[in-house]
Amino acid sequence: VDIEHRSLSNYADWAVREHGIGPHTRLPLLCSLSFDVAQISLVLPFLVGGTLRLMRDELDHLSLQEVIDDGATALALTPSHLDLMTRLGLRPGAIGTLMVIGEQFTRALALRAREMFGPECRIINLYGPAEATIGVSHHVFDAERDTGANVPIGLPQDGVSLFLLDAERRFVAPGETGELYIGGVQLARGYRGRPDLTRQRFVRLADGTRAYRTGDLARRLPSGEVECCGRVDDQV
């Protein structure tokens, strides 16, 4: 996808502020550079004088423990990686923030992470496809409030809108399930060399708003936050 500088700038400005990224931050790179989530580790620390920690070896229990013991203060990782960490019984070190993104994040896993890293660690569920520049919403896990099977994806960040629409692209009522569309400054221009796919996924709503059709099913909770419920297709 073609991402504009203003889209990345909007995301980075918001993420640095909301996630408490600062000169003290030591953030390891735990995923492939081809995965857009890598930009969390590659971009955010450098904007504020923080530190990027590169992995010397393949990701396993030894290399994970090494980066934690080396003073990592935050981790950006998928639920699958977090699940691995909780099952390996690693020492938690000084991790104060977990930014979890890329897959459905279950409450059961969030509780295991809370037990491992302690109650002072902020566990943040991030949501966002590459077509909308890394992340578009977030929710800080609260074990007492978040009682559903999955952790909510929360509220949209600055400059982003989330729409829940039915098959006719009409707004669904609060609590009803609809397909999640994303609007705002972080939308990509489209798919490079694929105008057909761009027209299919980047659409105009009834009021002319440009939006990305995610294919994710979601509903709006009484709090106003959004919870993902599945897919309209078989994509993982």
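The values are calculated or read from the model by the stated rules, or taken from the named source; none is laboratory data. This structure is a prediction, so every number in the text was calculated from the model and none was measured. Glycine gets a Cβ as well: all are built from the backbone with ideal geometry, and neighbour counts include every protein chain shown.
Name the single residue, out of those in the range 172-223 being at positive phi and assigned to a strand (DSSP E or B), that is surrounded by the most Cβ atoms within 10 Å (Cβ to Cβ). The extreme case among them is G184. You will find that of L155, L109, the residue that is touching a helix residue (DSSP H, G or I) at 6+ places or on another chain (Cβ under 7 Å) and surrounded by fewer than 24 Cβ atoms within 10 Å (Cβ to Cβ) is L109 and no other. Please verify whether V226 is buried (at least 18 other Cβ atoms within 10 Å of the Cβ) and either farther than 19 Å from N10 by Cβ or not assigned by TED's automatic domain parsing to the domain that holds S137 (or both), treating the condition exactly as stated. Considered against the rule, which asks whether it is buried (at least 18 other Cβ atoms within 10 Å of the Cβ) and either farther than 19 Å from N10 by Cβ or not assigned by TED's automatic domain parsing to the domain that holds S137 (or both), V226 comes out as yes.
Going residue by residue through the range 173-189, is there one that turns out to be charged (D, E, K, R), within 26 Å of I3 (Cα to Cα) and in the same structural domain as N10 (by TED's automatic domain parsing)? Scanning the range 173-189 turns up no residue that is charged (D, E, K, R), within 26 Å of I3 (Cα to Cα) and in the same structural domain as N10 (by TED's automatic domain parsing).
Of the candidates E115, E66, the single residue that is surrounded by 15 or more Cβ atoms within 10 Å (Cβ to Cβ) and not assigned by TED's automatic domain parsing to the domain that holds D216 is E66.
Please report, ordered by residue number, the strands (runs of 3 or more DSSP E) entirely within the range 51-142 with at least 3 residues that are under 20 Å from the mean Cα position of the chain (by Cα) and either of a type outside the set (S, T, Y) or modelled with pLDDT under 95 (or both).
74-77, 97-100, 122-127, 137-140
Please determine, by comparing only the residues of the range 23-50 that are small (G, A, S), at pLDDT below 95 and assigned to a loop (DSSP other than H, G, I, E, B), which one is farthest from T133 (Cα to Cα). It comes out as S32.
Collect the residues in the range 143-171 that are of a type outside the set (F, W, Y) and outside any loop (DSSP other than H, G, I, E, B), keeping them in residue-number order. Those that are of a type outside the set (F, W, Y) and outside any loop (DSSP other than H, G, I, E, B): N150, G154, L155, P156, V160, S161, L162, L164, L165.
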